[in-house]
Each structure stands twice: as C-alpha cells, then as structure tokens.
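Note sheet for the following structure.
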Amino acid sequence: MYADPATVDPNILYQGDILEDFPFYILDKPQPVKKEEDGSFSMEQQTTTTDLQVVGSKTQRVILLSQTCDLQRRNNVMICPVHELAQFIEDNTLNADSVKSIRDRKNYYFFYLPAFNGLPESIADLQTIIYVPRAVITAHILNRIVPMSDLGRHHLGWSLANLFSRPATT
C-alpha cells in the first residue's frame, strides 16, 4: 500500500502522498469583511456575493488526490483531510459494521489507510475534497510523512472512480 519514503524522490509530489500539518480550510460560518482604503480589514454585517470572507483553518493531515501528472502541471490540485480511525470509533461516530465496511473498502466516502511508519490507522474523508493552489502544496512538500506505492495509488484511483461514477455492481 505504501512506498518506502527513502525510495521516493523528495522533490516530486505524488498522488496519495500524505502531508502532515497542512492548513485545511473550515467553511463553517464565514465572517464577511471589508478591505478599507488604508489596507486594513473591518468586520461587516451586510455583505454581497463579492465581499471577502474570513474562514477558519486548522493544520491536519491531508492526502493528495490529484493524479501525479496533474500535481506537476495543474494550478490547483485536490486534497482531502485524513483522520485517525480510532477517533471515529471512540466518538461512536462509526459502529463496528461501518468500520468493517471501511476496512474492506466497501464505503465510497472514506478511503482506508492502514497504519504505517508512524501513520496511525486512518481514513481519508472523500466527502470533504477541496482544491488548493499547487504552490501551497509544494510549500509543504517537506511535510510528507507517507508516500503511496503504485498499488496504493491504484486503490485510491479505484475508490475515487467509485465515488464519482458509482459503477453498477454485478
């Protein structure tokens, strides 16, 4: 599933790379702001669709979902958050059947990530995909903690195909 980090070119981003401490946006309750003439910002109560919005972010693990070739040439790339599976189990967010379904790769909304090299057993939340500028990803390339093998990228691509196209099952 994973590649030995020592065998991966540290200057190239690959689909399936997992980055630590990446600023992931939280679009919960955006606060409108107005840019003043002096360059400062002030909070506004009334907004239009063109106003700036303050949104939150937190640092967390993310996985690169865009294909490797797109990570090299596109201006924006897809990522999603990676969460420790144990937290979902402790919070009773997932029951035993759901966890089994995720581990067996039968749940289209989560991509199962077995524990490896300091990465605890985790899930990539495919329901929370966002695009970010490639330059932001590149600036965090040293935060890569786990690269995927070709087999791992194949499984990830299969999961994304199932998520987006929902092929018929036989």
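FYI, it's all coordinate maths here, none of it is from the lab. Note that the coordinates shown come from a computational prediction; the quantities given were computed from them, not determined experimentally. Heads up, the Cβs are rebuilt from the backbone with ideal geometry, glycines too, and the neighbour counts pull from every protein chain shown.
How would you classify region 85-170 from its alpha-carbon gyration tensor, with a ≥ b ≥ c the square roots of the eigenvalues: rounded for a/c under 1.5, else prolate if a/b is greater than b/c, otherwise oblate? Taking the square roots of the gyration eigenvalues as a ≥ b ≥ c, region 85-170 is oblate. Working from Cα pairs under 8 Å separated by at least six residues, relative contact order for region 1-140 is 23 percent. Could you tell me which of rounded, prolate or oblate describes region 1-133, using a ≥ b ≥ c as the square roots of the eigenvalues of the alpha-carbon gyration tensor, with rounded for a/c under 1.5 and, failing that, prolate when a/b is larger than b/c and oblate otherwise? Taking the square roots of the gyration eigenvalues as a ≥ b ≥ c, region 1-133 is oblate. Phe24 sits among other residues whose Cβ lies under 13 Å from its own Cβ, and their net charge, with Lys and Arg +1 and Asp and Glu -1, is -2. When each of Asp70, Asp38, Asp104 is scored by the number of other beta-carbon atoms lying within 10 Å, the sequence from fewest to most is Asp38, Asp104, Asp70. For Lys34, the aspartates and glutamates whose Cα falls under 12 Å of its own Cα, not counting residues fewer than eight places away in the same chain, are Glu44, Asp51.
Cross-link reach is defined here as a Cα-Cα straight distance under 17 Å, omitting same-chain residues fewer than 8 places apart; for Lys29 the lysines meeting it are Lys58. With loop membership from DSSP and a limit of 11 other Cβ atoms within 10 Å, the longest segment of the chain without GluC sites (Glu not before Pro) is 38-170. Shown here for region 86-164: trypsin sites (Lys or Arg not before Pro) in loop regions (DSSP other than H, G, I, E, B) with at most 14 other Cβ atoms within 10 Å, namely Arg105, Lys106.
In the chain, helical runs assigned H by DSSP with n ≥ 4 each contribute -39500 (n - 2.57); averaged across all residues and rounded to the nearest 500, the mean residue ellipticity at 222 nm is -7000 deg cm²/dmol.
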